[in-house]
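Pasting in a structure now, in structure tokens, and then I'll have a few things to ask.
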Amino acid sequence: MEYRFLGSSGLKVSALSLGSWVTYGSQVGEDVAFECMTAAYEHGVNFFDNAEAYASGESEVVMGNVIRRAGWKRSDLVISTKIFWGGQGPNDRGLSRKHIIEGVNASLARIKLDYVDLIFCHRPDPDTPIEETVRAMNWVIDQGKAFYWGTSEWSADEIMEAAMIAKREHLVGPQMEQPQYNMFHRDRVEREYARLYDDIGLGLTVWSPLGSGLLTGKYDDGCPPQTRASLAGMEWLREELVGETAAENREKVRQLKSIAEEVGCTRAQLALAWCLANPNVSTVITGASRLEQVKENMAALDVVAKLTPDVIGSIEELLDNKPPAAPNYR
């Protein structure tokens with residue numbers, strides 16, 4: 001396993017990590033979660049990602065049970081959760097001081113830990129002043145309930161505003177952002193955030209590197225059963241993967257197969273390695289509902305060195321979606 005610094009912080013996270021979105025508490029039970037998390041840990045994964053919204057909190061329960069069942073040393077782990085969607089009450093969602101503090105306490109109770117290492121604002125909250133959120137996150141850190149805080153799917157302007165408020169008030173600013181990033185979803189990471197990597201030392205913990213499975217090839221011929229897109233309530237995802245608007249991307253995924261075969265890997269490994277090759281990415285969050293997927297994903301680390309300029313050129317020619325450089329009007 002390779003370990004990378006989380007942005008400009010002194011914290012090291014495994015280049016490949018494991019998240020529980022959709023899977024734990026909904027798609028798979030505790031025994032499968034134990035099997036997958038244990039396999040990831042044995043491959044050197046130290047970062048495990050969660051959120052209060054996943055399976056309505058049950059995902060945190062499952063992950064906490066696995067950690068205790070495995071008997072791992074707490075200091076060997078980097079555990080995260082995300083706060084925004086905590087329930088249906090008027091103050092059970094968003095980034096108010098009330099929900100952040102109560103949401104963190106509830107998450108810690110479910111996962112049965114004294115602290116998480118990372119706490120994310122799961123989405124921006126236009127109804128709460130950013131300064132209120134910054135101060136609440138600092139209270140969480142000051143109380144020892146988390147070590148670092150960050151954002152997920154915030155705009156560059158929102159992240160910069162939070163960082164400037166923190167600097168002005170001598171508080172801890174956002175250390176990391178958790179955006180979607182994959183071969184078909186690039187602009188935010190490669191263009192919008194470009195100035196933040198140096199300006200505030202932003203680290204990235206990217207999610208959906210396989211495009212919810214699209215880049216593995218499993219949806220080449222439609223939606224197979226027992227996949228996340230086949231779950232009740234995931235109709236929106238099914239449309240993104242096998243709907244009419246996804247036809248062009250599915251064809252590109254089919255063509256990626258020949259490039260992957262040339263490199264000597266699967267399409268999933270190629271897609272993960274492509275994300276890992278971005279120097280601004282601290283960790284790539286993988287998902288798995290089967291042990292075999294964990295093993296396949298972990299092998300992507302060996303593929304990064306095989307991404308020669310010629311291979312990258314072939315991928316870029318096929319994708320034809322590289323974000324343009326920001327204009328320079330000088």
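Readers should treat all values here as calculations from the given coordinates under stated rules, not as data from a laboratory. Everything quoted here is computed from the prediction, not taken from an experiment. We place every Cβ from the backbone using ideal geometry, glycine too, and count neighbours over all the protein chains shown.
Among the numbered criteria (1) in contact (Cβ under 8 Å) with a residue 40 or more places away in the chain; (2) in contact with a Leu (Cβ under 8 Å, 6 or more places away or on another chain); (3) surrounded by fewer than 18 Cβ atoms within 10 Å (Cβ to Cβ); (4) not charged (D, E, K, R), which one does Val304 miss?
The single condition Val304 does not satisfy is (1).
Let me ask another. May I ask you to list the residues in the stretch 1-19 that are within 26 Å of Ser212 (Cα to Cα) and among the polar types (S, T, N, Q)?
Residues satisfying the conditions are Ser14, Ser17.
I need the helices (runs of 4 or more DSSP H) fully contained in the stretch 214-317, keeping only those with at least 3 residues that are within 21 Å of the chain's Cα centre (by Cα) and under 28 Å from Ala194 (Cα atoms). Lay out the reasoning, then the answer.
On the way: elements: 235-242, 247-263, 267-276, 291-298.
Those helices (runs of 4 or more DSSP H) span 267-276.
Condition check ((1) touching a Phe, Trp or Tyr at 6+ places or on another chain (Cβ under 9 Å); (2) over 26 Å from Thr81 (Cα atoms)) across all residues:
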{"position": "Ala246", "(1), (2)": "yes, yes"}
{"position": "Ala260", "(1), (2)": "no, yes"}
{"position": "Cys265", "(1), (2)": "no, yes"}
{"position": "Ser282", "(1), (2)": "yes, no"}
{"position": "Arg290", "(1), (2)": "no, no"}
{"position": "Asp302", "(1), (2)": "no, yes"}
{"position": "Ala305", "(1), (2)": "no, yes"}
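Identify the single condition in (1) surrounded by fewer than 21 Cβ atoms within 10 Å (Cβ to Cβ); (2) without any contact (Cβ under 8 Å) to a residue 40 or more places away in the chain; (3) assigned to a helix (DSSP H, G or I) that Ala106 does not satisfy, given that it satisfies every other one.
Tallying (1) surrounded by fewer than 21 Cβ atoms within 10 Å (Cβ to Cβ); (2) without any contact (Cβ under 8 Å) to a residue 40 or more places away in the chain; (3) assigned to a helix (DSSP H, G or I), Ala106 fails exactly one: (2).
Something else now. Please count how many residues of the stretch 253-301 are within 19 Å of Arg4 (Cβ to Cβ) and in contact (Cβ under 8 Å) with a residue 40 or more places away in the chain.
Taking the stretch 253-301 and keeping what is within 19 Å of Arg4 (Cβ to Cβ), we get 269, 271-286, 297-301.
With in contact (Cβ under 8 Å) with a residue 40 or more places away in the chain added as a condition, the list becomes 271-272, 274-276, 278, 280-286, 297-298, 300-301.
Residues flagged as within 19 Å of Arg4 (Cβ to Cβ) and in contact (Cβ under 8 Å) with a residue 40 or more places away in the chain within the stretch 253-301 amount to 17.
Mind checking which residues of the stretch 166-198 are assigned to a helix (DSSP H, G or I) and either in contact (Cβ under 8 Å) with a residue 60 or more places away in the chain or among the β-branched types (Val, Ile, Thr) (or both)?
Initially, the stretch 166-198 is screened for residues assigned to a helix (DSSP H, G or I), giving 166-168, 187-192, 196-198.
Selection gives Asp187, Val189, Glu190, Arg191, Tyr197.
With the condition kept exactly as written, say whether any residue in the stretch 51-68 is under 16 Å from the mean Cα position of the chain (by Cα) and among the hydroxyl-bearing types (Ser, Thr, Tyr).
yes
Exactly one condition in (1) crowded, with 21+ Cβ neighbours inside 10 Å; (2) assigned to a strand (DSSP E or B) is not met by Ala162; state its number.
Single failed check for Ala162: (2).
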